[in-house]
């Protein structure tokens, strides 16, 4: 009996993932709940366990392939002695899976593009007609309105025909190319790095850079060693190359500006026009849709951080000694927000159709910057936690976020969010809502400023606070009241103890 291995639920708002690593190959024995492969989403890494014991059969989604929720990843032949089910077993029983299509032409089809995606654009071909290819070697890259999809070779051989050139838009069932089976089926995988460059060995890693990154580096005149990789195991990704190119241009901008005689305004050599990728177009559209859905408004205030800083300095050594965690500012802000949300519950609510859902608990989202982007882990029931418990939770979530180990459950269910742009030096900003939440508090840099206190000008450590809120559910009075209560709690932390 054949058991299907499918993509598990990836979490709220996540519809697709990339197959990062297979831990098993066809023919391997597997046990129940043994890890078969690892998927990467734009937020977390997800491990896929075996649903049954048996023998690994066909791997449907190869490494690097993008798959949607519930997509078929592989099959398992149930039972300890069950035989594997490779695709081309009937054609040959004397050669491995890579070579059993010895001389028969093999179609390269568009892989699964994910839920609701019906077409893609061929952005790059990494091979040309007549090139030898190894099984699973990347042939081309497709761009959809959600992600970039790399297409691996289904078998080793020679690329005989390219049916969809670069720039062609293809549907989800289109044929991209044809591979003629190799004479002996012994094409070595991924020969290009050893032929063209030896950077991976020099960099001390045995992972190959993304094909799209290789193409981008070639176009920019960069080598792999010139780019810092943020992908798995240091793999250089396409966005890493873009960042390196931007940094190079910034470094060269001062000398480039030296000539006094400007060129004509229409001189194309002073401009660069690059077509937006389908992914970037979608990001732009969705960000605008997010703003259009909510009636978003931001109100501002400022807080004198003198008392919080004094209290923190007085007790931080004793606090760390007893609780094993540093006393930071985030626990004060979390406590102050929980306190204010009790008085202004609509900021902790959400709109569901024509209903307003009030939450009698606070699941606090804490925005955290990571090498791969911004994530928002959620601290469940933060309103019932102590300062020490909050600090431990924030430290643990932040560490797991930086390591890419957050689970989807840890990023779901938030009712309110705090974003600390001050760690990057931001003095003032308007944070954008995290739907379906109705409020987000923006913290900023603490900066000494002259303030009028009791008729005298004194220097105080001040922070601007910003509350962005959904005006459909939160009125101006409620938003201002919330921010004033946060300000009061920070300027006199004793109010938190007295529940005032």
Practice task
Within region 1-56, count every residue that is under 19 Å from residue 403 (Cα atoms) and in a strand (DSSP E or B).
Solution key: 13
Exercise for the section: Check region 410-417 and report whether any residue there is under 21 Å from residue 335 (Cβ atoms) and assigned to a strand (DSSP E or B). Expected result: yes
Handout entry: Top-ranked residue of region 368-391 - restricted to ones that are touching a helix residue (DSSP H, G or I) at 6+ places or on another chain (Cβ under 7 Å) and assigned to a helix (DSSP H, G or I), ranked as surrounded by the fewest Cβ atoms within 10 Å (Cβ to Cβ)
Key = 388
Problem - Residues of region 447-480 satisfying the condition of being buried (at least 16 other Cβ atoms within 10 Å of the Cβ) and either part of a loop (DSSP other than H, G, I, E, B) or not assigned by TED's automatic domain parsing to the domain that holds residue 312 (or both) - result: 473, 474
Exercise for the section: Specify which of the listed residues (117, 149) is assigned to a strand (DSSP E or B), within 20 Å of residue 17 (Cα to Cα) and at pLDDT below 85. Expected result: 149
Problem - Boolean, residue 100 is under 30 Å from residue 29 (Cβ atoms), modelled with pLDDT under 85 and not assigned by TED's automatic domain parsing to the domain that holds residue 19 - result: yes
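The values are calculated or read from the model by the stated rules, or taken from the named source; none is laboratory data. Owing to the predicted nature of the structure, the values given are computational and were not obtained by experimental measurement. Using ideal geometry, Cβ is built from the backbone for each residue, glycine included, and neighbour counts are taken over all protein chains shown.
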